[in-house]
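Colleague: This is the structure I want to talk about, given as structure tokens.
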Amino acid sequence: MTIRPVALLALLVVVVLAEVRFLSVASPSGVFVLGLLVAMLASGLVSLAAWAGAGGAVVGLCIGAGRPVWFRRSASGFYVQVNAVPLAISPLSFGARLGRSPRAPFVALLACWAALGVVSLGVLATTRSEFAFGVAAGTLVVGVVAWSSRRPSAALPAARSEREARARARLTPVFLASARSDYAAVLELTADAPPVPRDWTDAMLTIQRAAALSELSRPTEAVRLLRIAVDGAGALRAGADGPRALGGLAPLLPGALATALFFALLRGEVPAEHVASVVAEIRNSARLRPPSPLMRLILDAQAAYVDGHYPRAITAAVRAARHSPPGERANAYALAALSCARSGDADGSRHYLDLAVRDNPDAPLLLPASAGVNG
């Protein structure tokens with residue numbers, strides 16, 4: 001997540017006000033800390049209510065900060081992700097529900113945070129209550145960080161145009177279908193995605209389509225799709241609008257390509273004359289450092305496997321599985337099983353293969369993993 005300078009400036013204002021507030025009294029008490037925590041949880045619920053009330057669709061909720069602890073997913077695809085420290089509640093959303101004004105939820109959320117910010121600044125400057133000061137400070141911190149976030153899933157900053165709002169709204173049904181493991185629906189919903197992504201919405205559609213192709217045991221098609229996207233995005237970046245158009249998603253495209261290549265390699269779909277170049281591309285993918293921690297773990301595990309560093313591959317693959325929701329852990333466990341088999345750990349390979357089968361018996365890496373473990 002990239003934080004804009006305005007966020008750092010606002011946080012500095014909070015710190016200065018806190019220093020002024022507590023300059024003549026003892027250090028902040030537990031009442032202040034309680035107010036801070038209450039605000040960080042409540043402000044997320046307020047923003048969720050504003051978004052949903054204005055017609056915004058919601059894919060999931062993220063509660064807390066730090067590493068994911070557990071996921072709960074419904075049959076509709078909606079999920080709740082609980083992280084290590086329960087500091088805030090954030091809606092994971094992209095656009096309006098069907099039939100609603102596409103820009104309305106973005107504008108409503110922007111107005112909500114603007115109002116909360118003004119009230120919080122007023123409370124910070126005038127209150128003599130430590131609890132009220134903590135609530136105002138926590139609200140301001142959460143609001144500024146939400147506004148400054150450049151994550152692909154961030155609802156803020158608000159869509160700058162009706163066209164952008166409509167483009168973002170396309171992502172909601174795609175993500176819900178992917179979370180339901182309805183990969184045929186994902187392919188149908190992304191059929192008209194442009195071959196060369198020109199903005200982060202296009203890039204996300206391309207990545208979701210490629211992931212669905214891989215899950216349907218069509219990694220060669222996923223490689224072809226992503227190769228065109230990566231080459232085209234590289235040409236865009238060479239122009240004036242490239243980096244700005246794709247934003248933080250640009251590093252994810254080559255990362256997704258490396259994963260599709262890895263799937264094709266393990267399934268024996270890479271011609272012999274191209275194996276060396278594919279291995280080199282997978283090896284170099286670990287240097288991409290994409291913004292997603294989960295993607296970094298996956299790329300590290302794949303690069304370690306092709307380099308023959310099997311203990312490192314096992315560690316990274318198991319960590320990737322533990323950071324993924326149920327139903328999406330099988331490929332990582334299958335890679336850990338393959339790495340154990342290559343390193344001579346028969347018990348470990350059977351253990352991780354069993355975990356992979358229990359998580360998703362149709363995962364694309366299960367076939368090569370079964371062959372490697374039982375062969």
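Colleague: Collect residues whose amide H, placed 1.01 Å from N in the peptide plane, falls under 5 Å from the amide H of residue 92; neighbours closer than 5 in sequence don't count.
Modeller: For residue 92, the qualifying residues are 59, 60, 61, 62.
Colleague: Hey, another quick one. Residue by residue through segment 35-40, what is 3J(HN,Hα) from phi via Karplus (6.51 cos²θ - 1.76 cosθ + 1.60, θ = phi - 60°)? Round to whole Hz and write x for glycine and proline.
Modeller: Running phi through 6.51 cos²θ - 1.76 cosθ + 1.60 with θ = phi - 60° gives x, 4, 5, 4, 5, 5 Hz.
Colleague: Stokes-Einstein D for segment 162-374 at 20 °C, 1.002 mPa s, Kirkwood Rh over Cα pairs, in µm²/s?
Modeller: 123
Colleague: Find the accessible area per residue for segment 162-374; the probe is 1.4 Å, ligands and nucleic acids are left out, and the unit is Å².
Modeller: Ligands and nucleic acids excluded, the figure is 45 Å² per residue.
Colleague: Residues with amide H under 5 Å of residue 69's amide H, sequence separation 5 or more or different chain, H placed in the peptide plane at 1.01 Å from N; which?
Modeller: Answer set, sorted by chain and number: 82, 83, 84.
Colleague: Determine the shape class of segment 64-186: with a ≥ b ≥ c the square roots of the Cα gyration tensor eigenvalues, call it rounded for a/c under 1.5, and otherwise prolate if a/b is greater than b/c, oblate otherwise.
Modeller: Oblate, because a/c is 1.5 or more while a/b does not exceed b/c.
Colleague: Report the Cα centroid-to-centroid distance between segment 27-83 and segment 288-355 in angstrom, as an integer.
Modeller: Answer, in whole Å: 30.
The values are calculated or read from the model by the stated rules, or taken from the named source; none is laboratory data. Note that this is a predicted model, so its numbers are computed, not measured. Quick note on the areas: whole protein, heavy atoms, side chains included, nothing else; ligands and nucleic acids left out. Shrake-Rupley method; radii C 1.70, N 1.55, O 1.52, S 1.80 Å.
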